[in-house]
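A short write-up of the structure that comes next.
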Amino acid sequence: MKRKLLIVMAILSLCVVLAACKKKTDEPISTAAPEATATPEPSMEPYMANVLTGEPQGDDYKNQRITAVMVNNIVAARPQRGLSKADILFEIKVEGGITRFMPVFTDYQDIGEIGPVRSGRDQFFRLILPWQALYIHEGQSVVMQQYAIDYSYGNLNNNDGANGYRDYGRVNWSGASYDNGTLALEHTMYTDSENIQKYIDDNSVDMDRTYNSTFFNFVDYRTGEPRDLSNSIDSAYSDKYGPIVSDGEYIEIEHSPSYKTRFIYDAASNTYKMQQNYSDGQWRDTVDEAADNTVLSFPNVIVLYTDIHTYPGHEAKDLQYAEYAWGGVGYYCYGGKCEKIYWQKGTPLEALRLYYLTEDGQCSDTPVEINIGKSYVSVTDVDYAENFVHSKLDGVDLSSATTVTYESHYVEDDAEEGETLGMSTDDLTTNATGSGEAETVTEEPAAETPAEDSAEVPADSTGEPVADDPEAVG
């Protein structure tokens, strides 16, 4: 569903006329006392910001590649570990209507333990490709593998979870574990900073990288002032749907008919607390069990809508294509307010860009200023844009049940080493562009049950899940 982004450029002309006059007089000319020399204003220190947060770089800041890790978000994999350390957390739909996480870190040595680690997908990879990040995952789709081949990503594309290890005794939120036969093997893979360091050392991965820009157009930390969305340059504008800037104390995002994420604004900390829906129909905090079950919270919440549908020819495994070339509408939420924005990306090597709206509700040429700090970013199917909620907290029943979460059964795509698509990713994208239709659910899959949760994924002689097992999920 192709959209045209109208670029409105304003040309400002500033004319300054300087005039000087000398008064003639017959009176004797007196010698005036010399004027005091004005003390020059101190110049600003150089702008040296953290690439992912826009915060000032500390003394221990390293000029190195950012690191991204694929983390499982199927309900049985919760709670995860290491997510609270992320500087940016991406959530995007993958197969079966589920979502997956990609936490991104400025310094891999600060990650600690993270997981469960899961397989790589191109809709995530294309977002960090321009930044040449170290990309860590366990397994990858054949599309993802083709991207790594086409863009010569080499050892920056780590396909073994950075020497990942199994935690067979880990217990999930419902008390299931692999050791007692109630949790599938795929939910037990973890890695940590030490293993990542070993992978870097063993493979001589060049982690040196100096970025000349930040991931978003952050507010300049040197001003000491955050941007108040209530007084934003577009806060007086409206489009046919209403004000560009409106209430955002409560945010609810629908990713698919059964996967939802919501955020509740906490004025005391000026952050949004994250929650997700579960298989019993309840909302629960999204926590990091490696950090004493700290609830994930973010000052910035960004929601980007685009066309997401199955790659043509990959229906059996339901591999999802996210359209990044067109751009689209999104929302930036901060301080209890939500601001409608436009976003663009273009080719895989172009960085994600966010823009203000114009007075007539179109895309401007002025980049949005994102406040400094951590960010949650959702790339979300435009089919569910009408279900996006942002409102005041008043009147929201936070204890109410939501849609029961379920996962469709499908074949988990895990490409064999050297496997290719038989076509370039450019050709694949050309085939996929414009081929998506609004999703329809003809038959609702069975709700997740303890029996499904306890079904162990068949393994081969290495103890790894069999890639073509039709019961393997997410």
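The values are calculated or read from the model by the stated rules, or taken from the named source; none is laboratory data. Quick caveat: nothing in here was measured; it's all calculated off a predicted structure. Each accessible area value is taken on the protein alone, full model and side chains, heavy atoms only, with ligands, DNA and RNA left out. Shrake-Rupley method; radii C 1.70, N 1.55, O 1.52, S 1.80 Å.
Of note:
- Protein-only accessible surface order, largest first, of Glu91, Glu417, Glu386 at 1.4 Å: Glu417, Glu386, Glu91
- Among the listed pairs Lys337/Lys374; Lys273/Lys392; Lys93/Lys337, those beyond 21 Å (Cα-Cα): Lys93/Lys337
- Accessible area in square angstrom per residue, the stretch 120-259, 1.4 angstrom probe: 38
- Within the accessible area of the stretch 196-339, the carbon and sulfur atoms contribute 43%, probe 1.4 Å, all protein chains present.
- Only protein atoms count toward the accessible area here, which uses a 1.4 Å probe; on the stretch 350-403, the carbon and sulfur part of that area reaches 46 percent.
- Heavy-atom accessible area order for Trp326, Trp343, largest first, 1.4 Å probe: Trp326, Trp343
- Residue ranking by accessible heavy-atom surface, 1.4 Å probe, largest first, among Ser177, Ser399 comes out as Ser399, Ser177.
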